[in-house]
Amino acid sequence: MTTVATALTRVSRAATIEAPRGYDAPSFASNGGANRFEASPASGSTSPRAYAIDWPRGWCALTDLQSARAVNVDASFKDPLDEASTLAVFVTRDVRERSVDERFGTLRDDARRRAESAARQRTIGARAGETRSASGRALRAHVIETEVGGGTAGRFGSAVELVKVFVDAETCTEYLVRATASKAAWPKVRNELRAAVESFEFVRE
């Protein structure tokens, strides 16, 4: 009975929330946790390897992925209750560099460049990370959190952008997983968004 009631509550809640234009209705995983997205070349993804990523419950998935993928956005999700809160995967093919450091410089250089890309921005966190390749090899990643504002954040005022970027040298592909939230919402959602970004993994088809 409790399971049925919980399911009905989720359906009722989703029905009362209007999805952003171009996005599906809010999604609630049946297990009560995060939603799961999987992409593969067979499904139209521009990624040469299949991958999966968790995305927050109650969020909406972008409908027109074919158009988005033409500009390197391979997957995109949005919080219908906070327009500034988004999660996206960008896939860039045919990069010449063999590692994230070769492509963006040191972690410090990369963080500084992202902060200096617009006025009134600052780095609030930067660390080295990694992602496992499809063959199990460790791929070095840059994980950077930047407080953005002004022209970058637009009408949202200040916001926080979290990126994890790495290069798969075997397929000459750059992957960038980016999560954003308004500065006001960040303290409440940062753990969930950090977990979503870190959940990215290559999967075997």
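So which of Arg112, Arg10 ends up being basic (Lys, Arg), modelled with pLDDT under 95 and surrounded by fewer than 19 Cβ atoms within 10 Å (Cβ to Cβ)?
The conditions single out Arg10.
Taking Asp54 as meeting all but one of (1) part of a strand (DSSP E or B); (2) surrounded by fewer than 17 Cβ atoms within 10 Å (Cβ to Cβ); (3) of a type outside the set (A, V, I, L, M); (4) in contact (Cβ under 8 Å) with a residue 60 or more places away in the chain, write down the number of the exception.
Single failed check for Asp54: (2).
Ala196: over 27 Å from Ala34 (Cα atoms) and of a type in the set (Gly, Ala, Ser), yes or no? Can you show your working first?
Working: over 27 Å from Ala34 (Cα atoms): no; of a type in the set (Gly, Ala, Ser): yes.
In short, no.
For Glu145, are the conditions met, namely being within 17 Å of Leu87 (Cα to Cα), buried (at least 18 other Cβ atoms within 10 Å of the Cβ) and of a type in the set (D, E, K, R)?
Working: within 17 Å of Leu87 (Cα to Cα): yes; buried (at least 18 other Cβ atoms within 10 Å of the Cβ): yes; of a type in the set (D, E, K, R): yes.
Spelling it out, Glu145 is indeed within 17 Å of Leu87 (Cα to Cα), buried (at least 18 other Cβ atoms within 10 Å of the Cβ) and of a type in the set (D, E, K, R).
Considering segment 193-205 alone, what residues qualify as being part of a helix (DSSP H, G or I), of a type outside the set (Gly, Ala, Ser) and surrounded by fewer than 19 Cβ atoms within 10 Å (Cβ to Cβ)?
Of the residues in segment 193-205, the ones part of a helix (DSSP H, G or I) are 193-198.
Applying the additional criterion that residues be of a type outside the set (Gly, Ala, Ser) yields 193-194, 197-198.
Once the filter is applied, which keeps residues that are part of a helix (DSSP H, G or I), of a type outside the set (Gly, Ala, Ser) and surrounded by fewer than 19 Cβ atoms within 10 Å (Cβ to Cβ), segment 193-205 yields Arg194, Glu198.
Restricting attention to segment 82-105, and to residues there that are surrounded by fewer than 16 Cβ atoms within 10 Å (Cβ to Cβ) and in contact with a Pro (Cβ under 9 Å, 6 or more places away or on another chain), which single residue is modelled with the lowest pLDDT?
Within segment 82-105, the match that is modelled with the lowest pLDDT is Glu83.
For (1) at pLDDT 90 or above; (2) under 21 Å from Asn72 (Cβ atoms), each residue gets a yes or a no:
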{"site": "Leu139", "(1), (2)": "yes, yes"}
{"site": "Gly150", "(1), (2)": "no, no"}
{"site": "Gly154", "(1), (2)": "no, yes"}
{"site": "Gly157", "(1), (2)": "no, no"}
{"site": "Tyr175", "(1), (2)": "yes, yes"}
{"site": "Arg178", "(1), (2)": "yes, yes"}
{"site": "Ala181", "(1), (2)": "yes, no"}
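Step by step: first the residues of segment 116-142, then only those that are among the hydroxyl-bearing types (Ser, Thr, Tyr) and closer than 25 Å to Val203 by Cβ, then the one that is surrounded by the most Cβ atoms within 10 Å (Cβ to Cβ). Which residue is that? So that I can check it myself, show each step before the final result.
First, pick out the residues of segment 116-142 that are among the hydroxyl-bearing types (Ser, Thr, Tyr): 117, 123, 131, 133, 135.
Still in the running and closer than 25 Å to Val203 by Cβ: 131, 133, 135.
Values: Thr131: 22, Ser133: 16, Ser135: 9.
Going through the qualifying residues, I end up with Thr131.
List the residue pairs whose Cβ atoms are under 7 Å apart, where the first residue sits in segment 189-205 and is without any contact (Cβ under 8 Å) to a residue 60 or more places away in the chain, the second is buried (at least 16 other Cβ atoms within 10 Å of the Cβ) and not in a loop (DSSP other than H, G, I, E, B), and the two are 6 or more positions apart or on different chains.
Correct list of pairs: Arg194/Leu162.
Exactly one condition in (1) surrounded by fewer than 16 Cβ atoms within 10 Å (Cβ to Cβ); (2) at pLDDT 95 or above is false for Val165; which is it?
Val165 satisfies all of (1) surrounded by fewer than 16 Cβ atoms within 10 Å (Cβ to Cβ); (2) at pLDDT 95 or above except (1).
The values are calculated or read from the model by the stated rules, or taken from the named source; none is laboratory data. In this text the structure is predicted, and so the values were computed from the model without any measurement. Quick reminder, even Gly has a Cβ in these numbers, built from the backbone with ideal geometry, and neighbours come from all protein chains shown.
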